[in-house]
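Engineer: Have a look at this one.
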Amino acid sequence: MTAPIRPTRPACAALLLAGFAGSARAADAPSIAWPEPGGRATISRPFKGSPLAVGVSSRTAGAIDSLTWGGTQFINARDHGRELQSAAAFDGYGECLNPTEAGSDADGTGPRSTSLLTALQVGADTLETRSQMAYWIGPGATTGNCPKGPGPHAGPRSNDVLAKRVTLGAEGVANAIGYRATYVTAEPHASATFEAATAYMPPDFAQFWSYDPATGRSAPLSAGPAEQGVPVILANADGSRAMGVYSPALPQPSVPNAGYGRFNFATLPGPGNATVKWNCVFRENNVPAGAHSYTCYVVVGTLEDVKAGIAALRTALGGGPAAQAPRAAQAPQAAQAPRAAIAPQAAVAPPPAARAPGTALYVGTQGGCNAGEVTIDPGYKGCATAPIGATLAQPGNPGDPPVYVGTAAGLDAGLVTSNPRHLDAGTRPIGYLARPGSGGTPLYVGTQAGCNAGVVSTNPAHLDCSGAPLGVAVR
């Protein structure tokens, strides 16, 4: 899949959708406790004298439907296909096999989502959610973006889970928002397009820019739709407000001139309907069931703030300082240049992160007690264990899944899990596993509810229940 990804939401016809069938929508899981009235949660921190605030809602199953700074709203949340959210498309079906975080096409502009929010955790600068994603297009239906016709799904909601962690001031950069998306796919796929993050924005942000932090070069871009291998920034006409996206894992070697997309729907008619968007996209083949994690950084401020923030992120993540940009590329009048197509610029791929070990891992070896269970406790359950390696302190690749350890005494304390809300009890992060296929001890995660769901094991059929490849403990 090398063509630019289409908008995860259908083009004009779907964007104009206003109706919804309320009886088909999901409520949040019973464990969800919203800290603000109206089913909302917000985190914020100051940047240049103004709060940089990110908000999520029950209406969008925990997808980001508000991002404000300097009195400006950066997000268009008119329907459930907008927002700042994550989605995926599998096996060449396009929108007809398209799990979507915020909800489905049928949710329209309504107050509820077909996606099911199952976990919400709010900290001072962090926000975590977990949701079971709706299919954008229901079973048996098609749109103009369904190359193979209707998808093979039988219901409105997928079995795929989206877990995300949003961090303000990411990597020490004040105007950067870390966005870590982990897809837990229920079954293997021949191919997948993971739109790890996309933001639909008001039409005022119709000035598109490229910015290469490796060279410091910036240039105006055409309205697209198009995709490129260096970060894209969307700004208003005078550059006083802008939003950009950066990932150290883009571009992927298999698609060197892709990864950052841009789309312009700024002329769509109807109140609140006009919009523009960017996305941060990863493409994979031969995708196993299990966890697939990607990190994108959203950077907000003025146009110059966003460029500086992306450059600072590259440095903080080990890519080295940006080269000084030529003055001509920074001239104020560049924003008014004709929006002719700009050839994709060469991107410098960042070096892979070192496989620095994190937390030591053990596996239970005593039948009838702890056999096969992965733990951080060498005396787990008072039974025998054996060392199997360690987590990674930091992800070395975009596919390295995060893992957690249970902290609830008498329930799951010491047990390693892929679920930050395992058994609806407390956990803490312990690092990352290397992506499947890396050198080390292969680990699996249980997928069968009521048996081994979320439990990390060396046994793909732990407790004689179903499991899926998760990652590798490094040695």
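Engineer: Taking the options THR118, THR109, name whichever one is part of a loop (DSSP other than H, G, I, E, B) and open to solvent by 10 Å² or more (accessible area, probe 1.4 Å).
Structural biologist: Only one candidate qualifies: THR109.
Engineer: Given the conditions (1) open to solvent by 30 Å² or more (accessible area, probe 1.4 Å); (2) within 22 Å of the chain's Cα centre (by Cα), report the number of the one that ARG241 does not fulfil.
Structural biologist: Every listed condition holds for ARG241 apart from (2).
Engineer: Also, I was wondering about something else. If you take the residues in segment 448-475 that are among the β-branched types (Val, Ile, Thr) and modelled with pLDDT of 90 or more, which one is surrounded by the most Cβ atoms within 10 Å (Cβ to Cβ)? Steps first, answer last, please.
Structural biologist: Going residue by residue through segment 448-475, those that are among the β-branched types (Val, Ile, Thr) are 455-456, 458, 472, 474.
With modelled with pLDDT of 90 or more added as a condition, the list becomes 455-456, 458, 472.
Values: VAL455: 28, VAL456: 31, THR458: 20, VAL472: 22.
Applying the filter and picking the extreme gives VAL456.
Engineer: List every residue pair whose Cβ atoms sit under 7 Å apart, with the two residues 6 or more apart in sequence or on different chains, where the first one lies in segment 297-311 and is open to solvent by 20 Å² or more (accessible area, probe 1.4 Å) and the second, anywhere, is assigned to a strand (DSSP E or B).
Structural biologist: THR302/ALA242
Engineer: Based on what the data block shows, is ARG355 open to solvent by 50 Å² or more (accessible area, probe 1.4 Å), among the charged types (D, E, K, R), more than 16 Å from ALA214 (Cβ to Cβ) and at pLDDT below 50?
Structural biologist: no
Engineer: Against the condition assigned to a strand (DSSP E or B), under 22 Å from LYS164 (Cβ atoms) and over 17 Å from the mean Cα position of the chain (by Cα), how does PHE282 come out, does it pass?
Structural biologist: No: the conditions fail for PHE282.
Engineer: Taking ASN76 as the residue in question, decide whether it is crowded, with 24+ Cβ neighbours inside 10 Å and more than 17 Å from the chain's Cα centre (by Cα).
Structural biologist: Judged against the criteria, ASN76 is a match.
Engineer: Something else: Given the residues GLN132, GLN85, which is the only one that is over 21 Å from THR447 (Cβ atoms), under 18 Å from the mean Cα position of the chain (by Cα) and either surrounded by fewer than 23 Cβ atoms within 10 Å (Cβ to Cβ) or of a type outside the set (Lys, Arg) (or both)?
Structural biologist: It is GLN85.
Engineer: Filtering segment 151-177 down to residues that are under 11 Å from the mean Cα position of the chain (by Cα) and open to solvent by 10 Å² or more (accessible area, probe 1.4 Å), which residue is nearest to ALA242 (Cα to Cα)?
Structural biologist: ARG165
The values are calculated or read from the model by the stated rules, or taken from the named source; none is laboratory data. Every value quoted in this text rests on a predicted model; they were computed, and no experiment measured them. With ideal geometry, Cβ positions are generated from the backbone for all residues, glycine too; neighbour counts draw on all protein chains shown. We work out accessible area using only protein heavy atoms, side chains counted, and drop any ligands, DNA or RNA first. Shrake-Rupley method; radii C 1.70, N 1.55, O 1.52, S 1.80 Å.
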